[in-house]
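Chemist: Take this structure first; my questions come after.
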Ligand code: G16
């Protein structure tokens, strides 16, 4: 087989049986990906599983978060893509594209799909994690039928194709041709920043920042991919001082940290926000799709963050002023804070399983505008991935708008208080037990699952309110394509609507991560600003009793509390 300017070699290989994509792509240690043919097998399986009309003559976007092994993986993808008849690859400069930026480029360039090279918020470096995810033509993560197909292909693969083209220079913005196969290296940042500019009210934000020079912003890129995007937006576009961005140079090992924007792993930001009395502190994760919002006197829980953004969307954000609010959605473990906003705005609320891929169909069908997950993911139908910087700029836009309306500088805390007074508060917390022995976690989970329908319902924990009304394993039928996703997490729902959810994470790369989620609703005015852990203590105690977590795992404390 040969083309104009390269020949194609067929390489014999043996399948690896562990290439099942998780919640968001295949994530493993670098050492796993660097085994002989491991990466090649998975990439070939992606091209084999690409939905009709398939890989031949397709245009595919490729990019990642700058972590260790990125360039090697990109060079392999180029050769395998060319050999499989892909017509064009669009690649971020130096292989860099944030996940939301890649989603945007798939949509803008009408590409057939994209390959995202990231393990998201998981640590990077030779001893840590890498990941490969396939996104489809709407810009979003491949749905389960396609990830299942990739897995099926990976289990029976016997050969992959590779073109004998040389390694290409990823550092120069350029167009290269090898026969009919074209590679375009694009600026990683420009198109994303243009999109953000079109969505939000930049003139309003700029005039707000000029009027309130004491309003302090601090964006922490956690040494991940969003650094250059953050610099362009906060410093170059909005004119904020350079001191308003931190850790904004992407590093292959994220400076040895977890690039995960939560209160534990974004510790440096948390300390700086408090010490320097920051009004809007924010962070994004390794690949730029997660976000955290914090001020010196308030941490915005992600479940509340999406509710506030949805509430202000049409009033404050130009994109939604134009498009209106079509519908709202959240993942199942996310608190029902946004449900109340949906009711007030008279739009439909969808509850989907954990995983951004479940929002895509609803957006494509014009039924969904704003959605979010408790796992620090917030976004809208502007793309088909969650979008960290989008959420952060949304908050800046809302603060600027509300300050204009009230004729004075408002704080994040005051916005939250106003929200709770209007809607009541869904107290929410998540406990993560990371790197637990997998067998112990599975045992705990299946024991609890066995008790769900029979033993648990009717059990009371000290009061009528805390009597279990319902216990099940969440199952979702996609309203658009009617596909059914089973086993999506154990729900224990009490008579007063409080919930305990138990899930095993689908994104870790070693051992198991147990997630316990707690939610309780409160609308008494004097109970709206309580400490979250205190408010949820009764539920936390109940969960430890019924899961027998310590007995099974030996863990006394969670590793991360949100
Ligand atoms: C991924 C998914 C999210 C999901 C999160 C946590 O995020 O895209 O939709 O909520 O994992 O999943 P789990 O609880 O199974 O670990 P990311 O930022 O890792 O791509």
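Chemist: How compact is segment 198-313 by the rule of thumb for globular proteins, expressed as Cα Rg over 2.2 N^0.38 Å?
Modeler: Normalised by 2.2 N^0.38 Å, the Cα Rg of segment 198-313 equals 1.03.
Chemist: Now a separate question. Starting from 0.36 nm per residue, how many nanometres of slack lie between residue 510 and residue 467 once their C-alpha separation is accounted for?
Modeler: Result: 11.9 nm gained on full extension.
Chemist: What nm distance separates the two modelled labels at residue 169 and residue 127, each placed 7 Å from Cα along Cα→Cβ?
Modeler: Going by the 7 Å Cα→Cβ label model, 3.7 nm.
Chemist: Then there's this: When the helix-only estimate is applied to the chain (DSSP H runs of n ≥ 4, each -39,500 (n - 2.57), divided by the residue count), what is the mean residue ellipticity at 222 nm, nearest 500 deg cm²/dmol?
Modeler: Dividing the helical sum by the residues of the chain leaves -10000 deg cm²/dmol.
Chemist: While we're on this one: Once the convex hull of the C-alpha atoms of the chain is built, how many Å³ does it hold per residue, rounded to a whole number?
Modeler: Hull volume over Cα atoms, normalised by residue count, gives 142 Å³.
Chemist: Please give the helix 70-83 orientation as an angle from the longest Cα principal axis of the chain, in degrees from 0 to 90, rounded to the nearest 10.
Modeler: That helix lies at roughly 50 degrees to the long axis.
Chemist: Of the peptides 373-385, 87-99, 485-497, 469-481, how do they stack up when ordered by the mean number of other Cβ atoms within 10 Å, highest first?
Modeler: 373-385, 87-99, 485-497, 469-481
Chemist: If you take the beta carbon distance between residue 406 and residue 187 as r and set R0 to 41 Å, what does 1/(1 + (r/R0)^6) give as a FRET efficiency, to the nearest 0.05?
Modeler: Rounded to the nearest 0.05, the efficiency is 0.55.
Chemist: Could you give the length gained by full extension between residue 109 and residue 315, i.e. 0.36 nm per residue of separation minus their alpha carbon distance, to one decimal place?
Modeler: 71.1 nm is the gain from fully extending residue 109 to residue 315.
Chemist: Then there's this: Expressed as an acute angle from 0 to 90° and rounded to the nearest 10, what is the orientation of the C-alpha long axis of helix 438-451 relative to the principal long axis of the chain?
Modeler: 50 degrees
Chemist: Relative to the longest principal Cα axis of the chain, at what angle does helix 144-156 sit, 0 to 90 degrees, rounded to 10?
Modeler: Result, in degrees: 40.
Chemist: I would also like to ask the following. Which of rounded, prolate, oblate describes segment 235-275, given a ≥ b ≥ c as roots of the alpha-carbon gyration tensor eigenvalues and a/c under 1.5 marking rounded, otherwise prolate only if a/b is larger than b/c?
Modeler: In terms of gyration-tensor shape, oblate.
Chemist: While we're on this one: Using only alpha carbon pairs under 8 Å that are at least six residues apart, calculate the relative contact order of the chain and give it in whole percent.
Modeler: Answer for the chain is 13 percent.
Chemist: On to the next question. Given a Förster radius of 45 Å and the C-beta distance between residue 454 and residue 249 as r, what FRET efficiency does 1/(1 + (r/R0)^6) yield to the nearest 0.05?
Modeler: With R0 = 45 Å, the Cβ-Cβ based efficiency is 0.20.
Chemist: Can you tell me the length gained on complete extension of the stretch residue 56 to residue 276, counting 0.36 nm per residue apart and subtracting the Cα distance?
Modeler: Here the segment from residue 56 to residue 276 would lengthen by 73.7 nm.
Chemist: Can you give the FRET efficiency for residue 13 and residue 439, using 1/(1 + (r/R0)^6), R0 = 35 Å, r = Cβ-Cβ distance, to the nearest 0.05?
Modeler: My answer for the efficiency is 0.70.
Chemist: So, one more: What fraction of the DSSP beta bridges in the chain is antiparallel, stated in percent and rounded to the nearest 5?
Modeler: 70 percent
Chemist: In terms of the Cα gyration tensor, with a ≥ b ≥ c the square roots of its eigenvalues, is segment 314-364 rounded because a/c is under 1.5, prolate because a/b exceeds b/c, or oblate?
Modeler: Because a/c hits 1.5 or more and a/b fails to exceed b/c, segment 314-364 counts as oblate.
Chemist: Compute the Cα gyration tensor for segment 439-562, then decide on rounded, prolate or oblate, letting a ≥ b ≥ c be the square roots of its eigenvalues: rounded whenever a/c is under 1.5, prolate when a/b is larger than b/c in the other cases, and oblate in all that remain.
Modeler: Rounded, since a/c falls under 1.5.
Bear in mind these aren't lab numbers, they're just calculated from the coordinates by the rules spelled out. Owing to the predicted nature of the structure, the values given are computational and were not obtained by experimental measurement. Cβ atoms come from the backbone with ideal geometry, glycine included; neighbour counts cover every protein chain shown.
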